[in-house]
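Participant: Got a structure here, written out as structure tokens. Questions coming.
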Amino acid sequence: MVDWIEIGSVNEIPSLGSRVVHANGEEVALFRTANDEIFAVRDRCPHKEGPLSQGIVHGKRVTCPMHNLVLDLSDGKAVHPDEGCAMVYPVKVEEGRIWIAWQSAAIPE
Amino acid sequence: MKEKLVLVGNGMAGVRTLEELLKIEPDLYDITVFGSEPHGNYNRILLSPVLAGEKNIGDIMLNDENWYQENNITLHTGKEVVEIDRRNRKVIARDGTTEKYDRLLLATGSNSIIIPIPGKDLQGVVTFRNISDVKAMLDISSEKKQALVIGGGLLGLEAAYALKQQGMFVTVVHLMDSLMERQLDPEASAMLKKTLENRGIQFLMETSTEALLGKHRVYGARFKGGLEIAADLVVMAVGIRPNIDLAKKANIYCDRGVVVNDTMQTYDGRIYAVGECVQHKDQVYGLVAPLFEQAKVCANHLAQLGFALYSGSLTFSKLKVTGVDLFSTGDFMGDDTTESIVMKDVDRGIYKKIVLKDNRIHGAVMFGDTVDGSWYYQMLRDRTDISGFRGQLLYGQSHLGDSGHGGVNTAADMEDDFEVCGCNGVCKKDIVNAVTSKGLFTLDDVRDHTKASSSCGSCTGLVEQILTFTLGGDYSEAPKAKPLCKCTDYTHAEVRQTIKKQRLMSIRSVMDYLEHRSPDGCHVCRPAINYYLMSSWPGEAADDPQSRFINERAHANIQKDGTYSVIPRVWGGLVTPDELRAIADAADKYNVSTVKITGGQRIGLYGLKKNELPEVWSDLNKKGMSSGYAYGKSLRTVKTCVGKEWCRFGTQDSTSMGVTLEKLTWGSWMPHKFKMAVSGCPRNCAEATIKDFGVVAVESGWELHIGGNGGVKVRPTELLCKVKTDQEVIEYCCAFVQLYREDAYYLERTAPWIERVGMVHVRKQLIEDDQNRKALSERFMNSQKFAQKDPWAERTGEDGFEKHEFIPLEVTISHG
């Protein structure tokens, strides 16, 4: 069962920026790319738990503000040669509104 | 149908090209590799340690057969290609194996030169080039005792040392009167000879070999003049020659090597060539670093990107016979137009000579202590003006004052658990493991994989040493003019110049104009470009918050747990009871867990949540306090002592001067953080001589000091000049800051900037040219008109800037 939750409007997130959502004791970072794609990633870097939401967004990637680990937003995986993986949440955008799937969050292989 | 790419030559240059290609375009080609040796690709520069018994063949394999399988590469080992049929686009091996190609890559390497003397074909006469040569030498050394090495160059000496390690009696015969005469000056060469003699190697200098003696197997050699010696093994190590037979036979244009253009293509555009077989702009290379640069360019073209160009490499020599370090680069002999700085310590076996021309390094040769070789090399390449630190030059980069690795500065002395990179906690063994298990060759590789040397950079020299130490052979990195980041090939200087010349006003237009490779850059280039725009066009270019590092975007310092710190400005370190009360009230109100007096004479509140920041700022604003920019690439603090107002030694009012300078310069964005101090007398209680701009009061006026640093590498300031009036202090200060803002690269502190451009340049701009100084100072004052707005005040209240930055999205989640 996928549990889609409405988060807000795409316009509430700055282009190449992010906002944080607190829910269920989790902090989830929502990122918006230059092409207005939205990605949701648990706001903890796999390296040393840095808040990814505070990093610089470029392409479909974010650079952690703590030690410059670069993560791919689409699958949460660190970009080679960095290692590690952050949890990602499925996202859909309908009529400018952002939805994320809370329950089906998963750590990819 | 995929195009077919065929590689002839299964060695380091060719396979590296494939690796680079697979990284960018893994599925573009069907790849086939021919190698004449019966193995996968191995690290040829490590053959010496194998011969010396310090490593075995398994240790030096770079790509085993699994690698070829995993990447769907067809591998023909032990098959020598003997013909290229260019008309039908196929290659034919000696055994008849034929492969068609759409693109062909030649990496046939080079052959050892065989001296045409009687007896050259006898058993027991070998060259030193590949695994089978090494096996042949090891076989003989296990039974026989007498070895003769012909050639006292790099390769010959490595072979001699290795055979000595295997227990043989080794004689080296050399045509010239000094060893490695092309890489060493006579002084260093003599020290090398003595060291090797002490290890039991004998030398026959200025001697040419006339014949090798024996019927089937060699038993001796005869030299010109009639001397004969016994030899069970003869190693010919007189040099290498590009292997161009195959290309020549196919009528591909060759000179000394296969001639290629800047994209590594031969005169037949479908046929590429890389490595030792190549001749580019009249140069032939035998070191690994240039080969890897060629590989990168070639892969780029094969991947149909085509923007990379090879412009040749500057090289240096480094021989690594265990325990014998030597290094040379550039013109180390010198002539009438050069001067030399020499250090010679015979007892410790250390010799260093640096050849200078016009205050720049022209060449260097070192024996015994080569730690700083890469530093000299880099300065040679960058044409760094060394006049500011000429006196310390010979003592090297890591002289006293370095922090973070306990003063140890040679790789050989380190324990495995020794923490090399104090910033990222990387130990020697982590680096060694990464280098051996992942096949790393360059400093950048090591940085990417281990994070060592990627933060403050003070351990760079050590990491390079460990790299050389681990790779063992003559591997040497050839750094180039650094591009701004991986998104572009343009350097900092080029990017800034373009912004000014073309009047570019936005990050987008810069990236478009310079044809950036990635759509919106990365965390390295965006902040840099943003800075260049802001500093080039004050009041015109708009700041881009999303291209700021979080601290500058949120105007607070992010801490390790994701909370923030708040540090209000305390002008010149002077604070009122009301301000102290306001800080204390804020600490109470927001439950601040740590309140600390900072190193810059201020008070920091630590552990605040991001959404609390605007409220804390608002509270502090109300009491007249503003942002202290403790998070910014900007003026941090102006540290002062109490000066003549209170101190019995004080000669001037240092606190007032501090406040004046702080009021003038706060808010200005700079390439990096910038610290000032004003001391009231030469006792210098404000420690002004380790600041970016330091002012020391004397009875007759003020001394102005620049370029100090108290951080990673302690560096005292250099005296800029002495002035009489307060007004002069202000003008020089503003002019200096502006020169730094316009001249230094993003993230370059004043100390390395001054080391790069030279004190002479700074003096020319600020002292010798009054007009220029005034103009700089005016430009600074103009840009301050747009910069001096308290970012805290701008971000508080109902309609504050960037509200989204500080408030999380509200969601009410109801699910069961």
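Read-outs throughout are calculated quantities, based only on the coordinates presented, and are distinct from any laboratory measurement. Please read these numbers as outputs of a predicted model, since none were measured by experiment. With ideal geometry, Cβ positions are generated from the backbone for all residues, glycine too; neighbour counts draw on all protein chains shown.
Participant: How would you rank B:435-442, B:242-249, highest first, on the average number of other Cβ atoms within 10 Å across their residues? Don't skip to the end; give the middle numbers.
Facilitator: On the way: B:435-442: 16.5, B:242-249: 18.9.
Those peptides, ordered most packed to least, come out B:242-249, B:435-442.
Participant: Another question about this same structure. Can you give the Rg and Dmax of the range B:570-705 based on its C-alpha atoms, in angstrom?
Facilitator: 16.0, 51
Participant: Given labels modelled 7 Å from the Cα in the Cβ direction, how far is it in nm from B:LYS100 to B:VAL698?
Facilitator: Placing both labels 7 Å beyond Cα along the Cβ direction yields 8.4 nm.
Participant: Using the count of nearby Cβ atoms within 10 Å as a rough guide to exposure, how do A:TRP102, B:TRP617 rank from fewest to most? Mind dumping the intermediate values first?
Facilitator: Values: A:TRP102 20, B:TRP617 28.
Going from sparsest to densest Cβ surroundings: A:TRP102, B:TRP617.
Participant: In whole Å, what is the distance between the alpha-carbon centres of the range A:2-32 and the range A:39-102?
Facilitator: With the range A:2-32 and the range A:39-102 each reduced to a Cα centre, they are spaced 12 Å.
Participant: For B:541-551, what's the mean count of beta carbons from other chains sitting within 10 Å of each residue's beta carbon?
Facilitator: 3
Participant: Expressed in nm², what is the orientationally averaged projection area of the convex hull enclosing the Cα positions of the range B:636-741? The partial results should precede the final answer.
Facilitator: Details: hull surface 23.7 nm².
Seen from a random direction, the Cα hull of the range B:636-741 projects 5.9 nm² on average.
Participant: Apply 1/(1 + (r/R0)^6) to the Cβ-Cβ distance of A:GLU26 and B:ASP444, taking R0 = 45 Å, and write down the FRET efficiency to the nearest 0.05. Intermediate results must be reported in sequence, preceding the final value.
Facilitator: Values: r = 36 Å, r/R0 = 0.81.
Computed FRET efficiency for A:GLU26 and B:ASP444: 0.80.
Participant: Using a Gaussian network model of chain A with C-alpha springs under 10 Å, which one of A:LEU30, A:LEU73, A:LEU16 is most mobile by mean-square fluctuation?
Facilitator: Result: A:LEU16 has the largest fluctuation of those listed.
Participant: What distance in nm separates the two pseudo spin-label positions at B:MET205 and B:GLN788, each 7 Å out from Cα along the beta-carbon direction?
Facilitator: Label at B:MET205, label at B:GLN788, 7.0 nm between them.
Participant: Nearest 500 deg cm²/dmol is fine: what mean residue ellipticity at 222 nm does chain B get from its DSSP H runs of n ≥ 4 alone, each adding -39,500 (n - 2.57), divided by its residue count?
Facilitator: Details: 25 runs with 249 residues, N = 816.
Value at 222 nm, helices only, nearest 500: -9000 deg cm²/dmol.
Participant: Still on this structure: Please turn the phi angles of the range B:562-570 into ³J(HN,Hα) values with the Karplus equation 6.51 cos²θ - 1.76 cosθ + 1.60 (θ = phi - 60°), one per residue in order, whole Hz, x for glycine and proline.
Facilitator: x, 7, 10, 10, 10, 10, x, 6, 10
Participant: May I pose another question? Would you please put B:447-456, B:2-11 in order of how densely packed they are, using the mean number of other Cβ atoms within 10 angstrom per residue and starting with the highest? Mind dumping the intermediate values first?
Facilitator: On the way: B:447-456: 20.7, B:2-11: 22.7.
Order by mean packing, descending: B:2-11, B:447-456.
Participant: Determine the percent antiparallel among the DSSP beta bridges restricted to chain B, to the nearest 5.
Facilitator: In chain B, DSSP labels about 65 percent of beta bridges as antiparallel.
Participant: Normalised by the residues of the range B:133-291, what does the relative contact order come to in percent, with Cα pairs under 8 Å and at least six apart?
Facilitator: 19
Participant: Next question. Using R₀ = 56 Å, calculate the FRET efficiency as 1/(1 + (r/R₀)^6) where r is the Cβ-Cβ separation of B:ILE229 and B:HIS761; round to 0.05.
Facilitator: 0.40
Participant: Another question about this same structure. With θ set to phi - 60°, apply the Karplus curve 6.51 cos²θ - 1.76 cosθ + 1.60 along the range B:217-225 and write out the HN-Hα couplings as whole Hz, x wherever there is a Gly or Pro.
Facilitator: Karplus values, whole Hz, x for Gly and Pro: 10, 6, 10, x, 9, 10, 9, 4, x.
Participant: What does the average come to when, for each residue of peptide B:518-528, you count the partner chain Cβ atoms lying within 10 Å of its Cβ?
Facilitator: Values: counts 3, 6, 10, 4, 7, 11, 4, 1, 5, 1, 0.
So the per-residue partner count for this stretch is 5.
Participant: Within a 10 angstrom radius of each residue's Cβ in A:47-55, how many Cβ atoms of other chains show up on average? Whole number is fine.
Facilitator: Mean shielding by partner chains, rounded to a whole number: 4.
Participant: Another question, then. Restricting to bridges with both residues inside the range B:125-238, how much of the DSSP beta-bridge set is antiparallel, in percent to the nearest 5?
Facilitator: Taking every DSSP beta bridge with both residues in the range B:125-238, the antiparallel ones total about 35 percent.
Participant: Run the numbers for B:SER593 and B:ASN71: contour at 0.36 nm per residue of separation, minus the present Cα-Cα distance, in nm.
Facilitator: 182.4 nm
Participant: Still on this structure, please answer the following. How much length would be gained if the chain were fully extended between B:LEU138 and B:LEU719, taking 0.36 nm per residue of separation minus their Cα-Cα distance, in nm to one decimal?
Facilitator: So the chain would gain 203.0 nm between B:LEU138 and B:LEU719.
Participant: Still on this model: With a 10 Å Cβ neighbour count serving as the proxy for reagent exposure, in which order, fewest first, do A:ARG61, B:ARG217 appear?
Facilitator: Details: A:ARG61 22, B:ARG217 12.
Going from least to most buried by this count: B:ARG217, A:ARG61.
Participant: Please report Rg over Rh for the range B:125-238, where both radii come from the alpha carbon positions and Rh follows the Kirkwood definition.
Facilitator: So for the range B:125-238, dividing Rg by the Kirkwood Rh gives 0.95.
Participant: Ok, one more. What is chain B's relative contact order, in percent, from Cα pairs under 8 angstrom and six or more apart in sequence?
Facilitator: Here the relative contact order equals 8 percent.
Participant: Taking only the Cα atoms of chain B, how large is their convex hull per residue, in Å³?
Facilitator: Once divided by residue count, the hull of chain B is 216 Å³.
Participant: How large is ³J(HN,Hα) for each residue in the range B:701-715, as worked out from phi by the Karplus curve 6.51 cos²θ - 1.76 cosθ + 1.60 (θ = phi - 60°), to whole Hz, x for Gly and Pro?
Facilitator: x, 9, 9, 10, 10, 9, x, x, 7, x, x, 3, 10, 5, 9
Participant: Want the number for B:GLN304 to B:LYS501: 0.36 nm per residue separation, take away the alpha-carbon distance, what's left?
Facilitator: Working: separation 197, 0.36 × 197 = 70.92 nm, distance 3.11 nm.
Once the chain is fully extended between B:GLN304 and B:LYS501, it gains 67.8 nm.
Participant: Positive end of the dipole of chain B, charges at C-beta (+1 Lys, Arg; -1 Asp, Glu), about the Cα centre: which of B:VAL134, B:THR655, B:VAL172 has its Cα farthest in that direction?
Facilitator: B:THR655
Participant: Now for a separate question. Please report the antiparallel percentage of the DSSP beta bridges confined to the range B:635-787, to the nearest 5. Could you put the intermediate results ahead of the total?
Facilitator: Numbers: 12 of 20 bridges.
Restricted to the range B:635-787, the bridges split so that about 60 percent are antiparallel.
Participant: Let me ask something else. What is the packing order of peptides B:113-126, B:224-237, taking the mean over residues of other C-beta atoms within 10 Å and listing the highest first?
Facilitator: Packing order, densest peptide first, comes out as B:224-237, B:113-126.
Participant: A:ALA34 label point, 7 Å along Cα→Cβ, cut-off 14 Å on backbone N: hits in the range B:523-561?
Facilitator: B:523-527, B:529-530, B:546-547, by backbone N distance to the label point.
Participant: Using 1/(1 + (r/R0)^6) with R0 = 51 angstrom and r between the beta carbons of A:SER74 and B:VAL346, what's the FRET efficiency to the nearest 0.05?
Facilitator: The calculated FRET efficiency here is 0.20.
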